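Participant: I'd like to ask some things about the structure below.
Read the figures in this text as sums done on the coordinates, not as results from a lab. Since the model is a prediction, treat every value here as computed from it, not as a measurement. Methodologically, a virtual Cβ is constructed for each residue, glycine included, from the backbone with ideal geometry; neighbour enumeration extends over all protein chains shown.
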Amino acid sequence: MTAGGAGLAGGAPTLLNITRQIAAEQHRLTLRDQRITARRRLADIYGRWDAIVAGQERAILHACLISVAIVLAAILLLQFADRWLERLLGQARVDRRQLATLRNVVGVALQIVGVVVILLVLIGIPGQLGTMLGLAGAGLTVALKDFIVAFIGWFVLMGRNGMRIGDWVEINGVSGEVVELGMFRTVLLETGNWTDAGRPTGRRVTFTNSFATAGHYFNFSTSGQWLWDELSVMVPYDRDPHAVADAIQKEVTAATAPSTAQAEQEWRRAARGQGGAAFSAQPGIAVRPAAGGVEIAVRYVTRASDRLALRARLYQAAVQLLSQRA
C-alpha cells in the first residue's frame, strides 16, 4: 500500500502538467480561430469597400462626363445664340450705333449667363448662398475696385446719355472718335479739338470706363453730330462790306438750309420734356472793322463730318464774290 501510494503520488504531477498543456493548447487554438475569423471578416469588409470605392469612382467619372457634356452643350448653345442674335440684329432696321450697342449688351449678357451656368455645373449650388455671396462681394469690391467702377461706367455709357461707336467725344481733355467701346475700356482715335482741322493724329487713346462715373466727358447730344463753324472773310476798304456781307449770308444760308432744319428738329427732339428754350440754327453774321479792311464773320451749323468740305465750298464762293468788280 505504501509503495502504490507513492507511485500515485509521483504520477499526479505528470497528469496535471499534461492537463495544463492540453488546456493551454486549446486556448491557443481558440485564439487562432478568433484571429482567423476576424481576418475573414476584415477581408469581407475590404471586399465590400473595394466594391463601394469602385462604384463611387464610376459615379464620379459619370458625373464628370455629364458636367463636361453640359459645359460643352452650354458653350455650343451660347455660340448658336450669339450667331442667331447677330444675324437677327443684322436684319433689323435700326441705327448703326444702336445696333452696335445692342450687340455689345447681348454679347455681355450671353457671357455672364455662360459663366454662371458653368460655375453652377462645376461647383454646384452652395448651401450658404447668402453668406458666400456677401463675403465674395466684399472681397471683390476691395480687390477689383477699378474694374467694378469701369464695368458700372460701361452701363452708364450704354444709356441714353452715353456714347456709341463713331461718336466724336472729348474725354479728360482728349478729343477723338470712338472706335472701341468695351466693358472695361473705351478707345478713341485722337483728332484735334473742335476749332482746328480735326483730322486724326493716328494715335489710339485708351480710357477705363470709370471716367463715366468718376470723371466727365463731352459728346454730341444728337445723331447728326452738329457743331457751329465760322467763315471769316476780309473785305478791303474799296469794296462795299454790306453788299459783300449780304451776298455771303445768302450763300451760307442756301448751302446750310437742309442742315439747319434738321439740326433744329433734332435739338428740339433732344430737349423735349426739359422745358428748355427753343433752339435756332440759323446762320449769324458779324461785321467788324479790322486792320486793312472790314472782317465779315459768319457762323453756321454743319455736321462734324461735313465741316471741312462745306467750309471749302463757302470759301470758294466768297473768293468768287470778292473777285467780282463792284
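Participant: Which order do peptides 48-56, 288-296 fall in by mean Cβ count within 10 Å, highest first?
Facilitator: With the highest mean Cβ count within 10 Å placed first, the list reads 288-296, 48-56.
Participant: Something else now. So how far apart, in nm, are the two label points at Tyr315 and Leu119 if each is 7 Å from Cα heading toward Cβ?
Facilitator: 5.8
Participant: Can you give me the C-alpha center-to-center distance between region 200-262 and region 9-68, rounded to a whole angstrom?
Facilitator: Computed from Cα coordinates, the inter-centre distance equals 99 Å.
Participant: Of Asp246, Asp238, how do they rank once you tally other Cβ atoms within 10 Å and put the fewest first?
Facilitator: Asp238, Asp246
Participant: Sum up the charges of everything whose Cβ sits under 15 Å from the Cβ of Val156, counting Lys and Arg as +1 and Asp and Glu as -1, but leave Val156 out.
Facilitator: +2
Participant: Based on other C-beta atoms within 10 Å, arrange Ile152, Ile66 from fewest to most.
Facilitator: Ile66, Ile152
Participant: Stokes-Einstein diffusion coefficient for region 154-219 at 4 °C in a medium of 1.567 mPa s, Rh from the Kirkwood formula over Cα pairs: what value in µm²/s?
Facilitator: 110
Participant: If you don't mind, another one. Once you have the alpha carbon radius of gyration of region 16-123, what is it after dividing by 2.2 N^0.38 Å, with N set to its residue count?
Facilitator: 2.61
Participant: Sorted from largest down, what three extents in whole angstroms do the Cα atoms of region 226-323 have along their principal axes?
Facilitator: 52, 25, 19
Participant: Which order do the peptides 202-208, 57-63 take when ranked by the mean count of other beta-carbon atoms within 10 Å per residue, highest first?
Facilitator: 202-208, 57-63
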